[in-house]
Structures are given as structure tokens and as C-alpha cells.
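To start, the structure under review is shown below, and the notes come after it.
Since every read-out is calculated from the coordinates, none of them should be taken as a lab result. Predicted model only: the values in this text are computed from it and were never measured. Quick reminder, even Gly has a Cβ in these numbers, built from the backbone with ideal geometry, and neighbours come from all protein chains shown.
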Amino acid sequence: MDREQRTYFIIDLKSFYASVECVDRGLDPMTALLVVADKERSKGTICLAITPAMKALGIKNRCRIYEIPKNLEYIVAPPRMQRYIDVSADIYGIYLSYVAKEDIHVYSIDESFLDVTAYLELYGLSPHDLALSIMNDIREQLGLRATCGIGTNLYLAKVALDILAKHSPDFIAELNEESYRQRLWTHRPLTDFWRIGPGTARRLNALGMYTQGDIAVYPENLLYKQFGVLAEYIIDHAWGRESCTMKDIKNYRTRSKSLSCGQVLMRDYSFDEAVIIVKEMADELSLDMVAAHVVSNNVSLYIGYSAGTYPSTGGNMTLQVTTNSYRILMDAYVRLYYKTTNRIVPIRRVILSANSVLDECFEQYSFFVDPEVMEKDRKVTRSVNRIKSRYGKNAVLKGMDLYEAGNSIARNAQIGGHKK
């Protein structure tokens, strides 16, 4: 393991989507009252982002439109996902002007880790001053405010960002293992810390641990008994330790890969309507698999129902062949749907997955499937992918896409389930 003392940044853009919308309107993201939400969906639509000024009024970031005080005058900006992707790429370009791509890990559309260890001496700057220089460039070139966590490992950088940076006058906070113990060993709640969710926090609380300091002095053998292998990172993080490096992230390769697609429906769907959605998504997944040159012999389906009406259902199925044929995949998903789905309760979520995908060279046939038919399917799918790539996803449609219950035409005009 790389034992050299390292310096990591994680830079986050404040209220990214909302800030981009403010800048494009000539408004100050820190003072304007603006939310990013698609009002056309429903009154209960969730706001994807709100400006810091809205947060200062006590409004929660992921609120619904109807939860915002009626007497408040504010702008509702429809989400523009392609615009946010373009701005994110511009920000990445600024990072590249300071460090090599090997030292950048994009954590999300608005957060990135940077390993700046080798660059501090090159620029003759302290970690704080280098962070400030990058953040100033982002603000001058794009008009966006950034925050930065600095740490001697990836975990400490993230915690510095999440807990401390937003309260700092210049939106920068630094931590090493010693300052972490001094400043945050008594911090509550535990859910403020990276990788401690509500469920883990409840289990720790039940054992009398409410702070990282409590965890640090708790008998390790009892933690392993309660949490198994997860106890290792819980203990390490309590002491501010993290063994993973940027090099480890870049070298990581998953042993098993899967492809999936999912959507939240805009209204309650009946059993008969939702089967159209399953067929559309099976077709979409087949297109993705052919484009990625992968095949699978195991598929899974998840169905979520209208809020509070019925527990989610689903299952998986092993196929007789290893394939990416839309004909075979669609048949498998439809059979799985009819086998596992409640026929009475309204449906709101659908997720399809192709599990443990392999390169196409591992494709396997069976006596029950004509290889020529599978190869014909693949050629058709590749042709469709080429046409869609050139002329847009709605350039080729199937008859089922024209059903009233179909969603493909609308989804093809979206990115991440939102308007481009």
C-alpha cells in the first residue's frame, strides 16, 4: 500500500443545478430564490435543487413544490440535464489545467476528488491556497461557487467537505487524523459522516455509540460480532483512517458486472398497462447490451407499487442461452413479470437488470434457439443503434411505443429521467 503522506481535495459545487440556472439568468446563486423542478409532472414533484437563499429560509433541498410557502415569490426552473452535463465537463476541464486525469476521480456530476500531492511543490502553494485558486477559477470562468474538503486521505477530505467546509468563511476545511479526533470525535449525529446511513446509525446507537469517539473506544471484537466485515471500515473511520488511495480507485475492476434500466412512472399503472413498460425497457436494455458487446444468461425484475399499498415484488430467471437478443430477453422479462407481479395493486416503479454480463465472445446457444435467428436479431439491433445514434433515439420506434401507456418516446427525449 502507498504509505506516502498524501493530500486530497474533494470539490463540490454549491447547489449545482440551481446555481447553473441562476448564472444562465444573470442572477447571483447565493441570493436568488430559485428551485429546479418540472412543474408539468405533478404538484408533488420533487425539487432537484434549490438555491442557498432558499435553504436559508428553512426550505429543505429535496422538498416538493407544495411544501414551499405559498406567499414566497421564487423562480421555478425546469431541469436541463444536458446543460448540467456540459457545465460539469467545463469544470472537469478546469481541474485538468491543474492536475493530470490520473489524479482526478469524478465522484458525481458536481463532486470530484483530486490527489494534489505531487502538485503542491510544483505550484509552490499550500493545500489551502491551491484549493482557493481552483475554486476562484471556477467562479471567474463559470460563475459558480464551490466548496472544498482537504484531507490526508479520501475519507477525511469528504468529511471535511460534508461537515466543516460549508461553515467556513471561504468554504474550505482541512483535516488530518489528529485534527479529526479533536474536532469531530464528539460531533452528532453519526449520519453526518460518510458511509453511515440511518440503519447503521440506529444499530450503533442501540449499542450506546452516538459519536465517532464512542466507536473508537468500543471493543473491536464486539463490533466485528455485530457488523461483520463492515466493522473494519467503521473502526478505521472512527480513527480517521482510510487505506484506499486514488491509485486503488483507478486500478479497481469489478469482478461481476450488470446492466440495468429503471424508471419511476408519472402515474399509477395497471397490471396490463405496465407490461408495455416492461417490454419497452427490455428492448432498451437489449439495445444497450448490443452496443456494449455484452451478453447475459440471468435477468432480474423489480416492481414497486403505489406508495404504501403493497411491498415490492420481483425475481430473477436463468436463461437457457447467454445472449443479448431482444426477442429472448423480452420473452424472459414478460414471463417473469406475469409470474411475480401483483395484478391488482397499481404500479409506480419498474427496474430491469441483466446480471453478470460477459463479453459477446462468451455467447452460448441452445438446441431450443436457432443461432441464425439470434444473429439476425443482433444485426437488426446494431442497425437500430446506428440510426438512433445519428438521427436521435426516436428515429426508430416499435408499434408498442405508440400505445397510450408507452413511455419510450418521452424517455428518449430525456437524460436521467429529466428533460435535456
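Over every Cα atom in the chain, the radius of gyration and the widest Cα-Cα span, Dmax, amount to 24.6, 70 Å. Based on C-alpha pairs under 8 angstrom that are at least 6 apart in sequence, the chain has a relative contact order of 14 percent.
Where Lys and Arg each count +1 and Asp and Glu each count -1, what net charge lies around Asp24 among other residues with Cβ under 10 Å from its Cβ? Walk me through the numbers on the way to the answer.
Numbers: positive: Arg25, Arg80, Arg83; negative: Glu21.
Net of charged neighbours comes to +2.
Take every Cα pair under 8 Å whose residues are at least 6 apart in sequence, average their separation, divide by the length of the range 1-175, and the relative contact order is 28 percent.
Measure out, as a whole number of angstrom, how far apart the alpha-carbon centroids of the range 48-91 and the range 273-342 sit. Taking the Cα centre of the range 273-342 as reference, the centre of the range 48-91 is 34 Å away. Taking amide H as placed 1.01 Å from N in the peptide plane, Lys257 has its amide H under 5 Å from the amide H of Ser356, Val357, each at least 5 places away in sequence or on another chain.
Considering only Leu114, Ile75, Leu130, whose Cα is most displaced toward the positive end of the charge dipole of the range 10-169, charges sitting on Cβ of Lys, Arg (+1) and Asp, Glu (-1)? Of Leu114, Ile75, Leu130, it is Ile75.
Projecting the Cα positions of Cys63, Pro29, Ser389 onto the charge dipole of the chain (unit charges on Cβ atoms of Lys, Arg, Asp and Glu, taken about the Cα centre) puts Cys63 furthest along the positive direction.
With a 10 Å radius around each residue's Cβ, average the other Cβ atoms per peptide and rank 50-56, 222-228, 66-72, highest first.
On the way: 50-56: 19.7, 222-228: 13.9, 66-72: 10.1.
My ranking of the peptides, most packed first, is 50-56, 222-228, 66-72.
Helix-only mean residue ellipticity at 222 nm, the chain, DSSP H runs n ≥ 4 weighted -39,500 (n - 2.57), per residue, nearest 500. What is it? Here the helix-only value at 222 nm equals -11500 deg cm²/dmol. Given +1 at the Cβ of Lys and Arg, -1 at the Cβ of Asp and Glu and no other charges, the dipole of the chain around its Cα centre is 1320 debye to the nearest 20.
Normalised by 2.2 N^0.38 Å, where N is the number of residues, the alpha-carbon radius of gyration of the range 1-175 equals 1.10. Across the range 185-249, the relative contact order, built from alpha-carbon pairs under 8 Å that are at least six residues apart, equals 28 percent. Equivalent-ellipsoid semi-axes for the range 185-249 (Cα gyration tensor, √(5λ), whole Å, largest first): 19, 14, 11. Checking the cross-link pairs Lys257/Lys279; Lys158/Lys247; Lys225/Lys247; Lys339/Lys379; Lys14/Lys247 against a 29 Å limit on the alpha carbon distance flags Lys225/Lys247; Lys339/Lys379 as lying beyond it. Find out how many positive minus negative residues lie around Arg349, taking Lys and Arg as positive, Asp and Glu as negative, among other residues whose Cβ is under 13 Å from that of Arg349. Net charge around Arg349: +1.
Taking the charge dipole of the range 67-199 about its Cα centre, with +1 at Lys and Arg Cβ atoms and -1 at Asp and Glu Cβ atoms, the residue from Thr152, Ile196, Tyr84 reaching farthest to the positive side is Ile196.
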